[in-house]
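What follows is a short report on a single structure.
The values are calculated or read from the model by the stated rules, or taken from the named source; none is laboratory data. Keep in mind the model is a prediction, meaning the values are calculated, not measured. FYI the Cβ positions are ideal-geometry reconstructions off the backbone, even for glycines, and counts take in every protein chain you see.
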Amino acid sequence: MKAELRVFWRWLAPRIAPGLLICLAVVIGAWTATRAGSQAPPSSSEYGIYALVSSLLSILGGWSYARIGRTSPEHARSAVRRLLSIGRMIRVARDSCQDGHQPLPESLTEIEWHVKDAMMDWVDVHKEALRDVMKAEGVEEGDSRE
């Protein structure tokens with residue numbers, strides 16, 4: 001139960017501030033609407049200020065939500081580099097098994113396919129990271145051995 005709460009809190013924590021900004025924008029809009037029917041309604045300039053503040057809060061809250069979970073190029077490059085090194089280790093192990101005429105373990109082949117799938121997932125997320133890492137490692141883009 002404690003671990004579940006920690007996972008939930010890690011999910012919730014970055015969403016609190018954007019949620020509050022958007023809720024505040026909605027409250028300002030609702031409060032402005034209710035004041036319209038009062039005995040002393042706000043002036044046009046007050047309505048403009050409330051609308052501007054509400055809009056800015058909404059935009060800031062939306063921008064904050066958009067940044068949650070965003071993949072930075074540095075994270076993408078490090079993940080791709082790690083997957084590339086794992087793929088190389090698997091290829092070396094595969095080659096050593098084949099050179100020694102030992103049967104290739106099925107688990108090694110499965111792991112190799114999973115690494116390739118993970119690499120393609122990162123290609124979907126951040127193609128430039130893969131291109132940068134492969135260029136830095138001296139591997140050509142169409143090289144299927146990697």
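So how many residues does the stretch 26-68 have that are in contact (Cβ under 8 Å) with a residue 12 or more places away in the chain and part of a loop (DSSP other than H, G, I, E, B)?
The number of residues fulfilling the criteria is 1.
Tally the residues that are among the polar types (S, T, N, Q) and in a helix (DSSP H, G or I), restricting the search to the stretch 69-100. Even if it seems obvious, please write down each step before you answer.
Keep residues of the stretch 69-100 that are among the polar types (S, T, N, Q), which gives 71-72, 78, 85, 96, 98.
Filter once more, so that each one left must be in a helix (DSSP H, G or I): 78, 85, 96, 98.
Total satisfying the criteria: 4.
Could you check the stretch 27-48 and list, in sequence order, the residues that are within 22 Å of S64 (Cα to Cα) and surrounded by 14 or more Cβ atoms within 10 Å (Cβ to Cβ)?
I28, G29
Pick from A30, A17, A76, A66: which is more than 30 Å from the chain's Cα centre (by Cα) and of a type in the set (G, A, S)?
Going through A30, A17, A76, A66 in turn, just one is more than 30 Å from the chain's Cα centre (by Cα) and of a type in the set (G, A, S): A30.
Results for (1) touching an Asp or Glu at 6+ places or on another chain (Cβ under 7 Å); (2) modelled with pLDDT under 75, shown as yes or no for each residue.
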{"position": "S44", "(1), (2)": "no, no"}
{"position": "I59", "(1), (2)": "no, no"}
{"position": "Y65", "(1), (2)": "no, no"}
{"position": "I86", "(1), (2)": "no, no"}
{"position": "M89", "(1), (2)": "no, no"}
{"position": "Q98", "(1), (2)": "no, yes"}
{"position": "M134", "(1), (2)": "yes, yes"}
{"position": "R145", "(1), (2)": "no, yes"}
